[in-house]
1. What are the ³J(HN,Hα) values, in whole Hz, obtained from phi via the Karplus relation 6.51 cos²θ - 1.76 cosθ + 1.60 with θ = phi - 60°, for each residue of region 187-195 in sequence order, with x given for Gly and Pro?
2. Taking a quarter of the surface of the convex hull around the Cα atoms of region 238-283, what do you get in nm²?
3. Using label points projected 7 Å from each Cα along Cα→Cβ, tell me how many nm separate Val333 and Ile291, to one decimal.
4. List, in order, the whole-Hz ³J(HN,Hα) value for each residue of region 174-184 obtained from phi through the Karplus relation with A = 6.51, B = -1.76, C = 1.60 and θ = phi - 60°; use x for Gly and Pro.
5. Using a ≥ b ≥ c from the Cα gyration tensor of the chain (square roots of the eigenvalues), is it rounded, prolate or oblate, where a/c under 1.5 gives rounded and otherwise the larger of a/b and b/c decides, a/b for prolate?
6. Would you calculate a helix-derived [θ] at 222 nm for the chain, using -39,500 (n - 2.57) for each DSSP H run of n ≥ 4 and dividing by the full residue count, to the nearest 500?
7. The chain: longest stretch without exposed chymotrypsin sites (Phe, Trp or Tyr not before Pro) (DSSP loop, at most 13 other Cβ within 10 Å), sites themselves excluded?
8. Sort Leu431, Leu63 so the one with the fewest other Cβ atoms within 10 Å of its own Cβ comes first.
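Nothing in this text is a laboratory measurement; each read-out follows from the coordinates by a stated rule. All figures in this text were calculated on a predicted structure; none of them were measured in a lab. Cβ placement follows ideal geometry from the backbone for every residue including glycine, while neighbour counts extend to all protein chains displayed.
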Amino acid sequence: MGVISAVRRLWRHAPFRRLLTLRVLSQAADGTLQVGMASYILFSPQSQPDAWAIAGVLALTLLPFTVIGPFVSPLLDRWSRRDVALYSDIARAVLATIIGVIIFSGLTTGAWAIVLFGALLVAMSINRFMLAGLSAGLQHTVERDEFLTASSIVPTVGPLGVVLGAVIGFAVRFGFGDLLGADKANSLVFLIAAAGFVGSVLICRGFSRDALGPSADEADEAEPTGARDVARGLAEAGRHLRTRPTAIVALALMGVTRLLFGLLSVAVILAARHLWHPVSDPDAALADLSIWGVATGAGFILAAPLVPVLARRFGLGRTAVGLQIGAAVVSLVSAFTTWKLGLFVISFLIGLAVQSFKICVDTIVQAHVDDQYKGRVFTFYDMAFNGAFVLAGVVAAFVLPASGLSVAAFIGIAVAYAACAFAMASARRRLGASTFEEGTESLTAPAGAGDSPLPA
């Protein structure tokens, strides 16, 4: 089933329409918020960021919920998920407004700097908690036999919101940068993000308090939420995962590919800031980064329709190996060019390959992990996914030059992708090729056959 036909079928459910609108609008506001953060920290006239500064931004964005997520996520099975979404975006609207006012006023030193970065940290951390709640509540907006289709469509559409919000943020930053100055334009970006969060709050208010669950039965059956109980549950999931070697291989390789993509991202940011433009011209660097972000985002979005085609033709296991080989070849080409447009095209292809591989990993983990452990195993997934990107910033600080582009580093990235392809191919031979095809019925069903969902 294609994306359009799948959405058309689900669109007849008013709760699903509202949930999808809420998710797109909230993620668009989050995309605008991220642009404001990156512009202020990395692309303001007074900043001259290096890889350590970028690693700090990544840590600020990704680490907090990665660390505390396992201990607060069980609350989503006890609290009203509609209220979680509602109050999360109320909080983010307030925080984005505070950040915008602080930057606009110029009070960005001393205690005000602590308030500023504390607000940024909390605002970014809330995002993943809210999205987890919306994912858990999705099943309450569609029929039971449509859940797999819905859970595949929503993560595909969500990134469109992020890209849209980022484009709005960049447009505001550039449109008002000359008129207001960089910092005041950045403050306006944060205020636009706050307006987006207010819009998502208004959409969320259309749900009744229990519309997204949990139901009384779900709340009664929820896992205990104490720290020891959560730790014990994660340990049980870890023991279960050790009996699923196919899932372990997929998760490990996902972490490596995420780190390699992170290295490319840091390299492009440094090149835009220090190589392609004078350090005194952050606006031009930010413009290049916006083009790079759109190119990479396009690769992410196109991965969803690409993987079913490849899986039907070659099988999921071979597709995963081929994607890594493709990433290796493209990365090797990138080692021998500093051409800006060429690197944008390369980033599109790498984004397409990495996101396509992630879809393969999602499918493998879903197929090989028992239902009662999936939530906790995906906690490991989330920790590895985000932690690897932060680690990429740290590694970049040691291996990348100030200009970002290094022949040796990019050859190393290409070799690492090739090693991932070899590891996946070896695992297919050792564990059996058929084990990597489990759970792929929705991927390999002919287009238009029944109601087969797309991959998440």
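1. Along region 187-195, the couplings run 4, 5, 4, 5, 5, 5, 4, 4, 4 Hz.
2. Values: hull surface 17.2 nm².
Directional mean of the projected Cα hull area for region 238-283 stands at 4.3 nm².
3. With each label placed 7 Å out from Cα toward Cβ, I get 1.7 nm.
4. With the stated coefficients, region 174-184 comes to 6, x, 10, x, 6, 6, 9, x, 4, 5, 5 Hz.
5. Oblate, because a/c is 1.5 or more while a/b does not exceed b/c.
6. Roughly -27500 deg cm²/dmol at 222 nm, from the helical runs in the chain.
7. 12-335
8. In increasing order of surrounding Cβ atoms, one gets Leu431, Leu63.
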